[in-house]
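K.L.:
One structure is given below, represented as structure tokens, and several questions about it will come after.
The values are calculated or read from the model by the stated rules, or taken from the named source; none is laboratory data. In this text, all values refer to a predicted model and were calculated from it rather than measured experimentally. So basically every Cβ, Gly included, is an ideal-geometry build from the backbone, and we count neighbours across all protein chains shown.
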Amino acid sequence: MRSPSHTAQPGASAIRLGLRANWEQFALLVAVNAFVGATVGIERVLLPLLAERDFGLASRAAILSFIVSFGLVKAMANLFAGRISEQWGRKKVLVAGWLFALPVPVIILFAPSWGWVVLANMLLGINQGLCWSTTVIMKIDLVGPERRGLAMGLNEASGYLAVSAAAFVSGYLAGTLGLRETLFWMGEIIAVSGLLLSVLFVRESLHHVHVEARQTAGGHKRSFAEILLLTSWKDRALFSVSQAGMVNNLNDGMAWGLLPLYFASQGLSLERISFLAALYPAVWGSMQLVTGGLSDRTGRKWMIALGMLVQAAGIALFVAGSSFSTWAVAAVLLGLGTAMVYPTLLAAVGDVAHPSWRASAVGVYRLWRDGGYSVGALLAGGLADALGVRWAIGAIGGLTFLSGIIVATVMYETHRPIGAPQ
């Protein structure tokens, strides 16, 4: 197989970095990432309810097993995607990710037992790890260093607005079509659309990396083991980012798996549960249009630290509240805090990592971040079975608060704000 650097591509003089110079491909990748987000969004309401109603699962830990498998597989796929995209090219990894999404709706439709649903979610984890990681990396490739926060805000906004829309629409369609039928039809339409866009219109972005690498100092070759240690522990900023990412998805795993069951136990209708399940990612997605670019102007560190604390406040309100309106406010706070954190974490990784090993660093960060789904599902499910759902939600909120304190005390600022003195 030929290296992507040797395939037909524009001459180096024709390649320009920047959002404006690459807006067409950037906009296309925003659209592709919306389809990636929608594939997981259709599960946000329906799978926990499917576990209870179709398969009769009573244990919260057993119900959340689909998130555990999803998180573990997605975390490893992230790591794999970052590394092989440096060797094979970004587009091939993106297309491969969509192929793993195609059988997921079919398996869920005909699943004779819950174990088949868990298997389907393992395939979905591969899809999310390969496709979402690659769209992130490609956007970082295209825009260069100046507008990295804005680029990540646009990327994550498209993905999580699609999560919200898919969660809302699927919840309403399920009342007419049924849980499994909704998952099937929406899932297949989304997967086929994302695959066709990626195959027919997305172009390779690895040659942009080569241009940026020649313009950036400090590009000596690093082994994968060195990148793994540097991103996970040795660099204070990358360590802070990795642990914050893990805790962020730890609380998202709790929100995905426990909150629909919690709201159902409080007597809310499927329509109201769908609204709350969609409200949180809707705020998360839309506010990233602001927070990503804002971090370019103000810096990364305090945006991340404050975002974790706002998330903790939202989770505490879920526990303290007892009405639909209070839980709606809590969902808004959780979404706002997550919007402050999510694109900023990715931008911070791009700030620190050299272009020559940036994709691998993004993969390591996303390994830790999406490993949080598994940790959160195991912890939340175990605590819910042992102590009750409210205690489980409260414990996750406490960990989120602690993560924000770690960022505030350990992380150094990774980005000189736009317009700041050189």
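K.L.:
Anything in the range 78-124 that is small (Gly, Ala, Ser), within 30 Å of His210 (Cα to Cα) and at pLDDT below 95? List them, or say none.
P.N.:
Answer for the range 78-124, where residues must be small (Gly, Ala, Ser), within 30 Å of His210 (Cα to Cα) and at pLDDT below 95: Ala81, Gly82, Ser85, Gly89.
K.L.:
Another question about this same structure. Filter the range 17-54 down to the residues that are over 21 Å from Tyr172 (Cα atoms) and of a type in the set (A, V, I, L, M, F, W, C) and list them by number.
P.N.:
Correct list: Leu17, Leu19, Ala21, Trp23, Phe26, Ala27, Leu28, Leu29, Val30, Ala31, Val32.
K.L.:
Moving on to the next point. Kindly state which helices (runs of 4 or more DSSP H) lie completely within the range 79-161 and contain at least 2 residues that are among the hydroxyl-bearing types (Ser, Thr, Tyr) and in contact (Cβ under 8 Å) with a residue 40 or more places away in the chain.
P.N.:
Fully inside the range 79-161 and qualifying: 114-143.
K.L.:
For the range 260-279, state whether one or more residues are more than 30 Å from Ile63 (Cα to Cα), surrounded by 21 or more Cβ atoms within 10 Å (Cβ to Cβ) and in contact with a helix residue (DSSP H, G or I) (Cβ under 9 Å, 6 or more places away or on another chain).
P.N.:
No, the range 260-279 contains no residue that is more than 30 Å from Ile63 (Cα to Cα), surrounded by 21 or more Cβ atoms within 10 Å (Cβ to Cβ) and in contact with a helix residue (DSSP H, G or I) (Cβ under 9 Å, 6 or more places away or on another chain).
K.L.:
Is it fair to say Val349 is in a helix (DSSP H, G or I), farther than 21 Å from Val310 by Cα and not charged (D, E, K, R)?
P.N.:
In short, yes.
K.L.:
Find the residue count for the range 186-201, including only residues that are surrounded by fewer than 20 Cβ atoms within 10 Å (Cβ to Cβ), in contact with a helix residue (DSSP H, G or I) (Cβ under 7 Å, 6 or more places away or on another chain) and not hydroxyl-bearing (Ser, Thr, Tyr).
P.N.:
Number of matching residues: 4.
K.L.:
What helices (runs of 4 or more DSSP H) completely inside the range 173-283 contain at least 3 residues that are touching a strand residue (DSSP E or B) at 6+ places or on another chain (Cβ under 7 Å) and farther than 21 Å from Glu52 by Cβ?
P.N.:
none
K.L.:
Only residues that are buried (at least 24 other Cβ atoms within 10 Å of the Cβ) and either of a type in the set (Ser, Thr, Tyr) or farther than 17 Å from Glu156 by Cα (or both): list them for the range 331-352, please.
P.N.:
Those that are buried (at least 24 other Cβ atoms within 10 Å of the Cβ) and either of a type in the set (Ser, Thr, Tyr) or farther than 17 Å from Glu156 by Cα (or both): Ala331, Thr338, Tyr342, Thr344.
K.L.:
Something else: Can you give me the number of residues within the range 362-385 that are surrounded by 24 or more Cβ atoms within 10 Å (Cβ to Cβ) and among the aliphatic types (A, V, I, L, M)?
P.N.:
6
K.L.:
Turning to a different aspect of this structure: Residue by residue through the range 23-70, note down the ones that are among the small types (Gly, Ala, Ser), over 16 Å from Gly115 (Cα atoms) and crowded, with 20+ Cβ neighbours inside 10 Å.
P.N.:
Scanning the range 23-70 gives Ala34, Gly37, Ala38, Gly41.
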